[in-house]
Structures are given as structure tokens and as C-alpha cells.
Amino acid sequence: MGSVWDPPFMEAYKNLLEKKEETRNNNNNNEVVADVVEECELPVIDLSQLEAREEEAREECKSQIARASEEWGFFQVVNHGISGDILKRLRWEEEKAFKEPFDVKTREENNYFSAGAYRWGSPTATCIKQLSWSEAFHIPLTDIIASNNNNDNNNNNIPSNNNTLRLIMEHFASRVSKLAERIAEILAEKMGDKSSFIKENCLPDTCYMRLNRYPACPVRARCGDEIINGLMAHTDSDFLTILYQDHQVGGLQLVKDGKWIAVKPNPEALIVNIGDLFQAYSNGLYKSVYHRVVTNPISERFSTAYFFCPSSDTVIDSFTKPSLYRKFNFREYRQQVRHDVCTLGSKIGLPRFLLTHHHHQPA
């Protein structure tokens, strides 16, 4: 029932698992859809078309990105410029980090990152649907870049074992940040925004990476029709997220047309999804949709997410008027999210900032 590297989920969740008949909804807006209906492949966009000689092909690729962002809020990109070798090495090093003993990972200074980077579970959960059966390293890019700069100066570019992960993360981040910036520029262009607002405010030192592990969840079958999530239903609080997900073990699901859709893994693709800030900035044109990761009873799953974020002081104001949302800065937004998670057990997000104040329904 777990291993020395697994967090103590069973002990932490014992009361909630025993009270699975709990139906309290705490003003929670996650219950917006029915059960999963099918496995589906997200729109796949070939980014090599952005380099095509014919302007028509380049514009069609841009239109596909915008259309998927409006209709799905999620899409896949192939020929994205990040080598398979980097992705394989990242997965290898990530798995090694998570297979450290649990008591090592939870130390103030673990073998990989500084205090506060390692997280697990759902300390504020009040019912089963709010559980997250997962662990993660949540790292500001500044930590990775600063660490490897220091390492390079001291060790002639030869990393110690515990820094190999940081080094490969920096390689990945340098490439994925350019990819995120390019996609964001295309989306801004397609909504008529000729400014450099996103480019000026979303810099490497304001972005984050998150390494995720979803251990097998053997208790899932004992909870009846209550799904135990690896990551509870939520929207992302950024402009864009780019995800490198496990291609052997599925689990990512998203809301489309009022139903949960299971995303079919594609080994060639990275997944891109719209975050809350882009939905607000585009005045609802691009959709930040609910998504979750469901547990697997026998297999663990890994993923790496890059969050394309602005600085805390960046003010988000809808590009077109009349605006659906009031103006807010990123710090205020994150503080509201944290407050809701702590007091309600789950995030409310953008509906809190609707000018009509109807925050009980998802935007």
C-alpha cells in the first residue's frame, strides 16, 4: 500500500474516505458536468507551418491556434521545437527526484529544491471530490536559472548528481518559454491586439514550472462512484500552460460542451491550455476550461507543466469593451484564489471578478 517515497495519503484522507457519502458542496463550482463520455484527441496543430513559405499556410496555422483556444481552451502542438531527447531526460530525472524517500523530500532543504517547493495532497479538502492524490515540485524559474548559473561558475559546467534535474529543467524552460511567448503573440494578434503587453509582462523570471507525480490509487475502487482525483477540477491562473504529459498512462480530462472528456495521450505532442488571465484579457474570447487528472488504480503517472505568468503587479484589463471582468492585478487574483481554497476547499477563480458578481457559476 504505497512505498517509502509515497506521501501518507491513506492516513491524511482516512476520515474523508470513510465519509464518502459526504455531499456538502461548500458553494463549490466544480460540479458542472456529467461523467466522462469518451476518450478524445485534442486538436493537433503542426507548428512547422508557421515557417511555411506560403503566407496562406502560416495564417491557417495561426487561425487553428485561435480557433482551438476559442472552442476547446486546449490543443496539442507537434513540431514544437523541443527535442525528444530533452523530454526523455526530463522525465528520467523527474522520476528519480520523486523516488527519494518521503522524509527526504519534505525536509526544509531537500536534495533538489529549496524549502516550500515540495507539495503533496490537499490540506484544505473537506470532501472526496476536493482530494488531490498527487505530489509535486513547484518551482519559480528564477530558482532554476540562478542555481545553474552558480553551479556553472563553480563546477566548470559539470553538474553534481542532485543538480542534473535543474540543468535539464533549464534546457527545457529556455525552449518552452519561447514557445509560450510565440503562441501568446499569435493569440493576441488574432484578437486584434498589436501591443506587446504580454511579451513585456511575461518574462522568464515571472514564470513557474511544476513537476507532478500521480501515484497509483488502490482505494479508488472502494469509493463507489466518487472519483478520487490526482488533481481536483480547476482552471489555471496564468495566461498559458504548456504540459508535457505521460504518454503511457492517461488521466487528463477536460470539460467540453458540458461533459468530461478524457484526453487521448499523443507521444509526439505537447499540450497547451488557456489560463484565466487570457480569458479575462480576451474578454471571454479564449476559454480557460475546467480540467482534472483522475487517478489510476495500478499505474503512476508523471507530467511537467510550464506556467506562463506575468509579474504580480501586472494589471489585467479586458482588451475589448464592454468588459465582462473588472480590472485586477495578478497579485490580487492569486490572493483571492488562495483565500477561496483555504476557506471553501476549492478555487472560484474568474467568476469572482465578473462585473455582474454572479460568481456561483463558472465563467
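Nothing in this text is a laboratory measurement; each read-out follows from the coordinates by a stated rule. Here the structure is a predicted model, which means the values were calculated and not measured. Neighbour counts are summed over all protein chains in view; Cβ atoms, including those assigned to glycine, are modelled from backbone coordinates with ideal geometry.
Among 85, 46, what is the fewest-to-most ranking by other Cβ atoms within 10 Å?
85, 46
Give the average over all directions of the projected area of the C-alpha convex hull of the stretch 209-294, one decimal, in nm². Before the final figure, lay out each step's value.
Details: hull surface 26.0 nm².
Taking the Cα atoms of the stretch 209-294, their convex hull projects to 6.5 nm² on average.
Please state the charge dipole magnitude for the stretch 219-325, taken about the Cα centre, from unit charges on C-beta atoms (+1 on K and R, -1 on D and E), reported in debye and rounded to the nearest 20. Walk me through the intermediate numbers first.
Numbers: 9 positive and 11 negative charges, 71 e Å.
Once rounded to the nearest 20, the dipole reads 340 debye.
Two decimals is fine: what's Rg over Rh for the chain, C-alpha atoms, Kirkwood radius as Rh? If you can, show how the numbers build up before the last one.
Values: Rg = 20.2 Å, Rh = 21.2 Å.
When Rh is taken as the Kirkwood radius, the ratio is 0.95.
Taking the Cβ of residue 208 as the centre, find all other residues whose Cβ is under 11 Å away and add up their charges (Lys, Arg: +1; Asp, Glu: -1).
Numbers: positive: 210; negative: 143, 205, 236, 238.
That sum, taken over residues with Cβ under 11 Å, equals -3.
State the antiparallel share, in %, of DSSP beta bridges confined to the chain, rounding to the nearest 5. Mind dumping the intermediate values first?
On the way: 43 of 51 bridges.
Roughly 85 percent of the DSSP beta bridges within the chain come out antiparallel.
In whole Hz and in residue order, list the ³J(HN,Hα) couplings for the stretch 296-307 that follow from phi through the Karplus curve 6.51 cos²θ - 1.76 cosθ + 1.60, θ = phi - 60°; x for Gly and Pro.
Residue by residue, the stretch 296-307 yields 10, x, 10, 10, 7, 9, 10, 7, 10, 10, 10, 9 Hz.
Roughly how far apart, in whole Å, are the Cα centres of the stretch 171-240 and the stretch 56-95?
After rounding, the separation between the Cα centres reads 12 Å.
Sorting 53, 338 on the 10 Å Cβ count, fewest up front, what's the list? Intermediate results must be reported in sequence, preceding the final value.
Details: 53 7, 338 13.
Listed from fewest to most nearby Cβ atoms, that is 53, 338.
List every residue whose amide H lies under 5 Å from the amide H of residue 228, counting only residues 5 or more places away in sequence or on a different chain, with H placed 1.01 Å from N in the peptide plane.
HN-HN under 5 Å from residue 228: 295.
Sort 275-285, 132-142, 257-267 by packing, meaning the average of other beta carbons within 10 Å per residue, with the highest value first. Numbers along the way, then the final one.
Values: 275-285: 23.5, 132-142: 21.0, 257-267: 15.6.
Answer by packing, highest mean first, reads 275-285, 132-142, 257-267.
Just to verify a number: FRET efficiency for residue 266 and residue 83, C-beta to C-beta distance, R0 = 22 Å, to 0.05? Mind dumping the intermediate values first?
Details: r = 17 Å, r/R0 = 0.75.
Here the calculated transfer efficiency is 0.85.
Multiply the residue separation of residue 109 and residue 11 by 0.36 nm, subtract the distance between their alpha-carbon atoms, and state the gained length in nm to one decimal. Please report the intermediate quantities before stating the final value.
Values: separation 98, 0.36 × 98 = 35.28 nm, distance 2.44 nm.
Length gained, residue 109 through residue 11: 32.8 nm.
For each of 342, 40, 217, 127, count neighbouring Cβ atoms within 10 Å of the residue's Cβ, then give the residues from fewest to most.
On the way: 342 10, 40 15, 217 23, 127 19.
So the ranking, lowest neighbour count to highest, is 342, 40, 127, 217.
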